[in-house]
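Student: Please see the structure below; I have some questions.
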Amino acid sequence: MKIKYHQLLFLYAYLRLIDLSLDRSRWNSWAEFQDYFKNIIAPSLVAEYLINSFHLPTACLKHFNFIPKEKSIFNRLKPIFFQKFYLKENEVLYCCRLLCKIDKILNSDTKIYHVGIEKLRIDVASYYSDILGKIISGKDLNKLMKIEHFWQAEKIDISRLEDFVPDDFSIFLQAMQDAKKIEK
């Protein structure tokens, strides 16, 4: 599946923000972490955006099994030379599944960081590093490494998530809001 470069950057930035935020939440209260995410795009919205953008089947998300594999050297170099970026359908579905799990944890009554959350954080970090990170330019990766996150140091130079949100995401959000108005 062909993914636009700006979508790829957004997805990497968003997942890195989640990874770093989950990591920092271990030293803070879970309630503060949940409050922080009230001002961030919900993971379920990002999953829906991916499903709509790539016309993915949603039925198999709950019973979906996938073992992420690192991209081969050929698959890592191909985007550099051809300026076309591809992900396999199961890689995008796996990302949607991770986002749905994160959304479920964010909206749960969990009070503390636990081993299940740490496992999910590791899965997120492995996904964006091994699958997405291998096809992003070094210059852009440097910007993405500085993505804003929960409980970040205040004096460091950061990259804001808003700088990576693709234009078609705004269109998607507007369509979602319009659909909800029609339902009412």
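Student: Is it true that some residue in region 82-91 is buried (at least 19 other Cβ atoms within 10 Å of the Cβ), part of a loop (DSSP other than H, G, I, E, B), of a type in the set (A, V, I, L, M, F, W, C) and at pLDDT below 90?
Tutor: The answer is yes, given that some residue of region 82-91 is buried (at least 19 other Cβ atoms within 10 Å of the Cβ), part of a loop (DSSP other than H, G, I, E, B), of a type in the set (A, V, I, L, M, F, W, C) and at pLDDT below 90.
Student: Sticking with this one: Which one is modelled with the highest pLDDT among residues in region 144-173 that are more than 15 Å from L50 (Cα to Cα) and polar (S, T, N, Q)?
Tutor: S159
Student: How about region 111-143: which of its residues are closer than 19 Å to I3 by Cβ, among the β-branched types (V, I, T) and either at pLDDT 90 or above or assigned to a helix (DSSP H, G or I) (or both)?
Tutor: Listed by number, the residues that qualify are V124, I131, I135.
Student: Could you tell me which of the residues I117, I122, I136 is without any contact (Cβ under 8 Å) to a residue 24 or more places away in the chain and of a type in the set (A, V, I, L, M, F, W, C)?
Tutor: I122
Student: Still on this model: In region 1-35, what residues are surrounded by 17 or more Cβ atoms within 10 Å (Cβ to Cβ) and of a type in the set (F, W, Y)?
Tutor: Scanning region 1-35 gives F10, Y12, Y14, W30, F33.
Student: Any idea which of (1) in contact (Cβ under 8 Å) with a residue 24 or more places away in the chain; (2) touching a strand residue (DSSP E or B) at 6+ places or on another chain (Cβ under 6 Å); (3) not β-branched (V, I, T) is the one K146 doesn't satisfy?
Tutor: With (1) in contact (Cβ under 8 Å) with a residue 24 or more places away in the chain; (2) touching a strand residue (DSSP E or B) at 6+ places or on another chain (Cβ under 6 Å); (3) not β-branched (V, I, T) applied to K146, the lone miss is (1).
Student: What number of residues within region 37-61 satisfy the criterion of being touching a residue at least 60 places away in the same chain (Cβ under 8 Å), in a helix (DSSP H, G or I) and surrounded by fewer than 17 Cβ atoms within 10 Å (Cβ to Cβ)?
Tutor: Number satisfying all stated conditions: 2.
Student: Moving on to the next point. Being loosely packed, with under 13 Cβ neighbours inside 10 Å and not in a helix (DSSP H, G or I) is true for just one of S170, S108. Which residue is that?
Tutor: S108
The values are calculated or read from the model by the stated rules, or taken from the named source; none is laboratory data. This one's a predicted model, so the numbers in the text were calculated from it and none came from an experiment. Cβ coordinates were reconstructed from backbone atoms using ideal geometry, including for glycine residues, and neighbour counts include every protein chain displayed.
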